[in-house]
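These notes are about the structure you will find just below.
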Amino acid sequence: MLGYIAKRFTYMIPTLILTSMLVFFLIELPPGDYFESYVNELIAAGETIDPKQIEFLRTEYGFDRPVWERYWIWATGMLVGDFGYSFEYELPVREVIGDRLIFTIIVTFFTIIFTWLIAFPIGIYSATHQYSWGDYGLTFLGLLGLATPNFLLALIMMYLANQWFGTAIGGLMDPEFVDKPFSFAKFLSVMEHLWIPVIVIGTSGTAAMIRRVRANLLDELRKPYVTTARAKGVPEFKGLMKYPFRMSLNFFIADIGSVLPQVISGAEIVAIVLSLETTGPLLIQALQSQDMYLAGSFLMLLAFLTVIGVLISDIALGFLDPRIRLQGGVSR
Amino acid sequence: MSKSATRLPEDHYVNEAPFDPKAIEKLTPEQEAVFLASQMQLMWWKFKKHKLAVFCGIFLLLMYLMAAFAEFLAPYNLEAKNSQYIYAPPQSINLFHEGEFVGPFVYDYKKELDLKTFQRVYTEDTTKVIPLSFFCSGDEYNFWGMIPADNHLMCADIQKPIYLLGSDRLGRDLLSRIIYGARISLTIGLIGIMISFVLGIVIGGFAGYYGGWVDLVVQRLIEVIQSLPTLPLWLVLAAIMPANWSPILIYFGITVILGLIDWTGLARAVRSKLLALREEDYVLAARLMGASPARIIGLHLVPGFMSHLIASATITIPTMILGETALSFLGLGLRSPTVSWGVLLNEAQNINVVAITPWLILPVVPVILVILAFNFFGDGLRDAADPYG
């Protein structure tokens, strides 16, 4: 087992290096740099700038050096926790991101739990009642969630929450709690706001989840051992949960890693509509103003979270399934 | 024993009538049709059984036809404005006026200015009937940019505007704009899927065929792309597009962006299929006869599971349509004057819209319907792609 974990760890390294190169390439792609858009902004505002000052800033932040050197500084900096400097906020990226990353993780965590709570019962019902009206109806409901653009659902839910419950519009908590230290009241307020993004982001993922639970469980239910169990008089519920359901869980654990980028991705746009204090709005703003280290480090952190997720799911699979542990990997 | 039997030595009898291999197991005509049917025919039969998928296929076909004949079907031109009717609510089509049948008509708007909120308040004026006529002349347009015409499926008889789905902030007819928007929204998925299809087959094909380090590099690359959340990736790529690009260039830029990220799933499917198939004897035979790898992949291997690929590609079209909608909604995708459903939804960006002019979120209805239809249609295709299952 230890050897297997070590192997998974070594796989992580080339992936992360490739990701960092890709991310750096992407944030380098747009023509010009932050200072150019900054100068344009100042000129548009009618101010004059000393070109020397801009030149000084450029050298100061290393923009006169070749690309690969800047990449090297950025990438090695991240290894020791230095994510670069945000030009727009004039703060180290780590300080800008800090809180927002925590909120992103909170929203993501609850969304995944929500998806499971909805998808598992429905998937099990659909598999055991294949081709029934209930099966069709529930699958359709799930698909409807998938088909509705998230941002619109978020808008409508926000409106309804405001009309029915008087929840303050936008944000992850009532305005009076922002910048306040943590307290129980603040926690309650966050909970009151959290359910909208959780439901909105969750609905887009449940359909796929329901389908996969259903398909995997159906595969198991067709196997002879289920018939044997039934013939021997094992109660229907026990005969379902004890073996077929457990067997069908393999896919689900293998999926934990890949669910993360989907949920985070869905969360970004919803966060913009709901003006949540998560990473989404910040990222888009950083991209538009070419605040490149902020954007790049962000993407890198998100990718890192995903890679960790995949690692955890692989290790969990290795624990659960000796076949995978011994062959050294799951083929997905 | 018949007369035609020949008597051989050692008392063996041989029937001289020509041997009919079907004499033992008689096939009914239906069975024979099944056995002789081509692959395509089998798939078509299987697909036909999936009623919902057939229905969705027809629906999609109609939607694409609607996009093709947008100029004729839309009551107004794309940019036809009417400053007299800003944010007019949708009208409903009635048939009976005061208990009398008058054919399809709408009631005129009665406009008032709310002096407290300075909002225009529209109410139905149930005394003024505006009958509708069909196949009439209205706004002039160039059909497909070539044929000048002014025919429309439907317009108001009197010189009064009709807004069956309401109007927007410039008094433009939302129904017309939704019909025109279908052009971009429906084709963006198709072109995007073509790009990702080509990329997926080529990259996945080489990885699966060569194996070894090529496979390893491609596998890592796929892993990297899949580990980045899609939407931020789209955003980064969309941000790269210069703001001064023409709408057409942006349109193609978006399709390329959507395709560039979507190919990983297909490439994986192609790769795993090829890994299994490349050991087959017919591949070895082709290689011994001097066929190039590209020929073996393209001519001998890929056609074997093409139907599967098409089916799984159909299912990812909705992701692309939603992706375009999301990008345009954020203002990073298409921008006016280009009109897509996402651009239309861009107008519905704040909560006031939901509260005051809720009909502006109507473009979401075709989005939902088309995505659902593609899902069911793709499901049917996937089942049909394996007609023996």
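No lab work stands behind these numbers, since they all come straight from the coordinates. Just so we're clear, the structure is a prediction, and the values are computed from it rather than from any experiment. Positions of Cβ are generated from backbone atoms using ideal geometry, with glycine treated the same way; all protein chains shown enter the neighbour counts.
Some notes on this structure:
- Over chain A: helical MRE at 222 nm, DSSP H runs n ≥ 4 each giving -39500 (n - 2.57), nearest 500: -25500 deg cm²/dmol
- In degrees, nearest ten, helix B:230-240 long axis to first principal axis of chain B (Cα): 70
- Cα long-axis angle, helix A:51-60 against chain A (0 to 90 degrees, to the nearest 10): 50
- Scaling the Cα radius of gyration of region B:177-384 by the globular reference 2.2 N^0.38 Å produces a ratio of 1.19.
- Relative contact order [Cα under 8 Å, 6+ residues apart], region B:253-340, whole percent: 32
- Anisotropy class assigned to chain B is oblate, per the alpha carbon gyration tensor with a/c at or over the 1.5 cut-off and a/b no larger than b/c.
- Dipole check for region A:103-320: with +1 at the C-beta of Lys and Arg, -1 at the C-beta of Asp and Glu, and the Cα centre as origin, the magnitude is about 1100 Debye.
- Solution diffusion estimate, µm²/s, Stokes-Einstein, region A:208-332, Kirkwood Rh from C-alpha pairs, 20 °C, viscosity 1.002 mPa s: 122
- Relative contact order of region B:177-384, defined on C-alpha pairs under 8 angstrom at six or more residues apart (%): 30
- Placing one equal scatterer on every Cα of region A:64-152 and applying the Debye formula, the log10 ratio I(q)/I(0) at q = 0.16, 0.22, 0.26 Å⁻¹ is -0.80, -1.11, -1.23.
- For the Cα trace of region A:103-320, dividing Rg by the Kirkwood Rh returns an Rg/Rh value of 1.05.
- Too-long pairs where the Cα-Cα distance tops 21 Å, listed order kept, from B:Lys51/B:Lys273; B:Lys81/B:Lys110; B:Lys81/B:Lys160; A:Lys223/B:Lys46: B:Lys51/B:Lys273; A:Lys223/B:Lys46
- Between the alpha-carbon centres of region B:315-388 and region B:137-201 there is a gap of 15 Å.
- Taking each DSSP H run with n ≥ 4 as -39500 (n - 2.57) and averaging over every residue of chain B yields -17000 deg cm²/dmol at 222 nm.
- Kirkwood-Stokes translational diffusion coefficient of the protein assembly as shown, alpha-carbon pairs, 37 °C, 0.692 mPa s, µm²/s: 111
- Three-way shape label, region B:91-162, alpha-carbon gyration tensor, a/c 1.5: oblate
- Cβ-based exposure ranking for A:Asp314, A:Asp50, A:Asp33, in which fewest neighbours within 10 Å come first: A:Asp50, A:Asp33, A:Asp314
- Between region A:46-75 and region A:103-125, the alpha-carbon center distance in angstrom: 45
- Our summary gives chain B a relative contact order of 19 percent, counting only alpha carbon pairs under 8 angstrom and 6 or more residues apart.
- Summary of the geometry: region A:255-275 and region A:129-145, compared by the centres of their Cα atoms, lie 25 Å apart.
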